[in-house]
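To keep things clear, I will list the structure first and then write my remarks on it.
Derivation of every value follows stated rules applied to the coordinates shown; laboratory data play no part. In this text the structure is predicted, and so the values were computed from the model without any measurement. Using ideal geometry, Cβ is built from the backbone for each residue, glycine included, and neighbour counts are taken over all protein chains shown.
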Amino acid sequence: MKFGVFSVSMPEYDVPQSVQLLKELGYQGVEWRVAEMPEKEPEEIDFEKRYWIYNKSTLELRDISNEAAKAKQLCDEAGLDIFGLTTYLAVGEREKLLPVLQAAKEIGCHQVRAGLVPYDPAKAEKPYPELFAQLREDLKALESSLKENQVKLVLEIHMDTMIASPSAAYRALEGLDPNYYGLIFDPGNMVNEGFEEYQKSFELLGDYIAHIHIKNGILEADGRDELGALKWKRTWTPLKEGMADLKKLFEIMHKMGYDGTVSIEDFSNQQPTKEKLEYNIQYLHQLAEAAKQPKEQA
């Protein structure tokens, strides 16, 4: 198993600085954020929104071939693997996805994320089953490009999207070639929407599980509505403070024989980035070792 960081977690570090920090902390790889960057940095950035507003640890989508090549050289020099190129493109945005697939091929990276197709029932133009069917058609339309570039397209279990649960993800991928289609398993997102027991999920998804994100969060009490019922809001937390049972997850990963790549995607804000990532890799190693220990009989 290899441990890395999804670079979205390092918003104040540029690409060279990110590589050096990951090398210093002992990570083995990086999953690069790929997005269109604003032309200039805003004068003020909300601390909790810095991951998305002007994240410096990002490869520019509009120049992805050159950006990926530069990142590859830096990673090679530092001894880091590139786990994936992670975009925010929907699977239907084929013209924007193709250059990313080609860039991945050029640098020997075998994984590109797409498929974050938002789903808000209040704004949806069609019923969910029709939108889901279109998602499936868009996935199938990419198969020849994936084979040509020898790249796996990965979706991600993500709240507020078409595939917020393992079962929905399986329905999206069912029948597609797992050599070219896969899934990022994200237990932190499943805190917010779509939780299903981990072993059941792994058994269902099987070879489609291509990568794992590690973060954590809680549903936090947030006042009451006009009828007096308690309301809840989503809050990201340090890894040990959330509702996702990461110890159980690692036990299931070990039991099911998962030995692939794992990325930290930590949006908590209680620690500076370097301190947080240093703490996180220590915890990942602890989780991996604990999962190997024989369990006491009840």
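I want the antiparallel fraction of DSSP beta bridges within the chain, as a percent rounded to 5. The antiparallel fraction comes to roughly 20 percent.
For the pair the range 231-254 / the range 268-298, the C-alpha centres are spaced 11 Å from each other.
For the range 36-66, the list of trypsin sites (Lys or Arg not before Pro) that fall in a loop by DSSP and count at most 12 other C-beta atoms within 10 angstrom reads Lys40. Adding -39500 (n - 2.57) for every DSSP H run of four residues or longer, then dividing by how many residues the chain holds, sets the calculated 222 nm ellipticity at -12000 deg cm²/dmol.
Once the Cβ-Cβ distance of Glu43 and Gln293 is raised to the sixth power relative to R0 = 45 Å, the FRET efficiency obtained is 0.30.
The relative contact order of the chain comes to 17 percent, based on Cα pairs under 8 Å that sit 6 or more residues apart. Note on Lys233 and Asn269: the model spin-label points, each 7 Å out from Cα along the C-beta direction, lie 1.0 nm apart.
Give the shape of the range 1-152 as rounded, prolate or oblate, defined through the alpha-carbon gyration tensor: a ≥ b ≥ c are the square roots of its eigenvalues, a/c under 1.5 means rounded, and otherwise the shape is prolate if a/b is larger than b/c and oblate if not. The shape class here is oblate.
Between the alpha-carbon centres of the range 123-144 and the range 161-184 there is a gap of 12 Å. Under 20 Å of direct C-alpha separation, and excluding same-chain neighbours fewer than eight residues apart, Lys40 reaches these aspartates and glutamates: Glu12, Asp14, Glu48, Glu60, Asp63, Glu67.
On a 20 Å Cα-Cα criterion, which of the cross-link pairs Lys49/Lys248; Lys70/Lys105; Lys2/Lys140; Lys23/Lys56; Lys233/Lys276 come out too long?
Checking Cα-Cα distances, Lys49/Lys248; Lys2/Lys140; Lys233/Lys276 exceed 20 Å.
The aspartates and glutamates whose alpha-carbon is closer than 13 Å to the alpha-carbon of Lys215, local same-chain residues fewer than 8 away aside, are Asp186, Glu241, Asp245, Glu265, Asp266. At a Förster distance of 30 Å, what's the computed FRET efficiency of Gln102 paired with Tyr54, Cβ-Cβ distance as r, to 0.05? E between Gln102 and Tyr54, to the nearest 0.05, is 0.65. Sketch the reach of a paramagnetic label on Lys2 as a point 7 Å from Cα along Cα-to-Cβ, and name the residues of the range 254-298 whose backbone nitrogen lies under 12 Å away. Of the residues in the range 254-298, 260-263 have backbone N under 12 Å from the label point off Lys2. Extension gain, Tyr279 to Asp222, is 17.6 nm, computed as 0.36 nm per intervening residue step minus the present C-alpha separation.
With the convex hull constructed from alpha-carbon coordinates only, the chain shows a mean projected area of 17.7 nm² over all directions.
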